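Beneath this line is the structure, given in structure tokens, with notes to follow.
The values are calculated or read from the model by the stated rules, or taken from the named source; none is laboratory data. Given the structure is predicted, the values throughout are model-derived calculations rather than measurements. Methodologically, a virtual Cβ is constructed for each residue, glycine included, from the backbone with ideal geometry; neighbour enumeration extends over all protein chains shown. These area figures cover heavy atoms from the full protein model, side chains too; ligands, DNA and RNA do not enter into them. Shrake-Rupley method; radii C 1.70, N 1.55, O 1.52, S 1.80 Å.
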Amino acid sequence: MSAASALVLFSGGQDSATCLADALSRFGHVETIGFAYGQRHLVEMQVRLAFLRDLRARFAQLAAGLGQDHVLDLAVLGQVSDTALTRDVAITMTEGGLPSTFVPGRNLIFLNFAAALAYRRGIRHIILGVCETDYSGYPDCRDDTIKAMQIALNLGMERRFVLETPLMWRDKAATWQMAHDLGGEALVTLIRDQTHSCYLGERSLHHAWGYGCGSCPACQLRAEGWRRFACSTI
Ligand code: ZN
């Protein structure tokens with residue numbers, strides 16, 4: 001098991017793209033994993049491949065340690081969840097106070113598969129871009145949830161995995177700043193244009209903060225983070 005290697009859960013969004021760049025700056029060998037789980041839009045899966053391609057092409061030094069990309073088919077998750085991420089229904093707040101985009105247990109399931117892959121690949125560090133600060137109300141993004149998962153995985157797989165969450169206490173503006181610190185304006189531009197957050201899968205409208213519909217909760221969060229980041233750097 002190599003301490004110098006990491007596996008990044010890379011969805012194609014801003015947060016996991018920033019985590020990937022951060023991991024590449026800290027580990028000699030970094031692999032990525034993505035999940036196809038019946039998302040309403042395949043845009044994320046397409047964008048993540050374009051991001052990896054451009055990262056290799058335009059950031060050769062940073063991407064020197066970029067290894068294999070793994071995509072797992074978790075279509076079964078779409079069968080057991082009835083949410084606005086996997087079905088064509090409106091994004092609203094549910095009775096329990098959670099947004100209807102919440103796929104129950106999604107990150108817990110992802111982490112199980114990521115750890116099983118890390119086990120096979122001899123990788124110790126598993127990195128994911130969850131965050132409590134710009135809290136969307138997803139309980140599986142909480143620091144305590146991730147810490148509990150680390151213990152469960154280490155017990156259940158007899159390993160010493162380290163689950164890292166570099167963005168846990170950063171807001172979206174600080175995440176843009178982190179990308180800037182890692183790769184300057186060029187990396188910020190790559191993340192802005194080659195990652196995707198919009199729940200509606202909109203890729204034809206380009207804003208200062210990237211592509212998206214501009215009105216869904218994910219677009220609003222991204223736009224607000226960008227606004228605060230842009231204000232702080234002017
Ligand atoms: Zn949107």
Yes/no for Leu205 being among the aliphatic types (A, V, I, L, M), open to solvent by 60 Å² or more (accessible area, probe 1.4 Å) and more than 14 Å from the chain's Cα centre (by Cα): yes
Residue within segment 159-166 that is surrounded by fewer than 17 Cβ atoms within 10 Å (Cβ to Cβ), under 24 Å from Val47 (Cβ atoms) and either within 16 Å of the ligand (Cβ to nearest atom) or not polar (S, T, N, Q) (or both) present: no
Unique match (being more than 14 Å from Gly12 (Cβ to Cβ), open to solvent by 20 Å² or more (accessible area, probe 1.4 Å), among the hydrophobic types (A, V, I, L, M, F, W, C) and at pLDDT below 95) among Ala36, Ala84, Ala75, Ala64: Ala75
Qualifying positions in segment 130-167 - modelled with pLDDT under 95, hydrophobic (A, V, I, L, M, F, W, C) and not in a helix (DSSP H, G or I): Val130, Cys131
Single residue of Thr133, Thr175, Thr195 found to be on the phi < 0 side of the Ramachandran plot and surrounded by fewer than 19 Cβ atoms within 10 Å (Cβ to Cβ): Thr133
Residues that are under 26 Å from Glu132 (Cβ atoms) and within 16 Å of the ligand (Cβ to nearest atom), drawn from segment 169-200: Lys172, Arg192, Thr195, His196, Ser197, Cys198, Tyr199, Leu200
Contacts under 7 angstrom Cβ, first residue in segment 208-230 being more than 8 Å from the ligand (Cβ to nearest atom), partner of a type in the set (Lys, Arg) and at pLDDT 95 or above, 6 or more apart: Trp209/Arg192; Gly210/Arg192
Residue match in segment 138-145 (condition: under 19 Å from Ser11 (Cα atoms) and within 16 Å of the ligand (Cβ to nearest atom)): no
Tabulated pairs, segment 183-206, first within 13 Å of Arg48 (Cα to Cα), second open to solvent by 30 Å² or more (accessible area, probe 1.4 Å) and within 15 Å of the ligand (Cβ to nearest atom), C-beta under 7 angstrom, 6+ apart or interchain: His196/Glu44; His196/Tyr211
